[in-house]
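Take a look at the structure set out below.
Only the coordinates and a few stated rules stand behind these numbers; no lab work does. Predicted model, so just to flag it, every value in this text is computed and none were measured. Here the Cβ positions follow ideal geometry from the backbone for every residue, glycine too, while neighbour counts run over all protein chains shown.
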Amino acid sequence: MEIKNIRSELAVNPAGSFLNIASFNGSIVGACGITGISPVWEMHPDTDEFFYIIEGEFEVTLMQGAEPEHFVAPAGSSFVIPKGVWHKPAAPSGAKFIYLTPGTTLHSEAEDSRQDST
């Protein structure tokens with residue numbers, strides 16, 4: 001067993017670094033600190049994705065209905081993005097978070113990622 005201070009790990013690594021914090025049931029628990037808006041959409045076809053916001057405010061846009069849905073999660077919040085849903089993460093003012101993404105990640109630069117088959 002290894003105990004890690006995630007805030008300390010994030011503080012000593014450059015912003016935007018995706019850190020592998022722990023192995024969990026064959027997957028990686030990660031942490032990241034970002035500022036800005038992702039240039040691409042992402043989607044996980046075989047698993048949900050979990051987030052816990054440590055600091056700041058994290059935004060995510062989901063592309064699952066007729067129109068994109070935008071959500072804002074302040075520090076202390078957690079949420080799950082369902083498998084198969086295209087989403088675009090953002091933190092215009094900066095955020096630090098923990099995530100668990102057990103499966104494959106697909107990316108799309110299309111304006112409407114649902115039309116992209118990558």
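Data overview
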read-out	value
Hey, V80 within 14 Å of the chain's Cα centre (by Cα) and exposed (fewer than 13 other Cβ atoms within 10 Å of the Cβ) or not	yes
Pair list, Cβ under 9 Å, 6 or more apart: the range 10-29 residue in contact (Cβ under 8 Å) with a residue 12 or more places away in the chain and on the phi < 0 side of the Ramachandran plot, other residue of a type in the set (D, E) and loosely packed, with under 15 Cβ neighbours inside 10 Å	A22/E2
Long-range neighbours under 8 Å by Cβ, at least six apart or interchain, first residue touching a residue at least 40 places away in the same chain (Cβ under 8 Å) and crowded, with 16+ Cβ neighbours inside 10 Å within the range 53-68, second of a type in the set (G, A, S) and not in a strand (DSSP E or B)	I53/A75; I53/G76; I53/S77; I54/A75; E55/A75; G56/A75; M63/S113
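Results for (1) more than 25 Å from N5 (Cβ to Cβ); (2) under 14 Å from the mean Cα position of the chain (by Cα); (3) of a type in the set (F, W, Y), shown as yes or no for each residue.
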residue: S23; (1), (2), (3): no, no, no
residue: H44; (1), (2), (3): yes, yes, no
residue: D48; (1), (2), (3): yes, yes, no
residue: L62; (1), (2), (3): yes, yes, no
residue: G65; (1), (2), (3): yes, no, no
residue: F71; (1), (2), (3): yes, yes, yes
residue: H87; (1), (2), (3): yes, yes, no
residue: P102; (1), (2), (3): no, yes, no
residue: A110; (1), (2), (3): yes, no, no
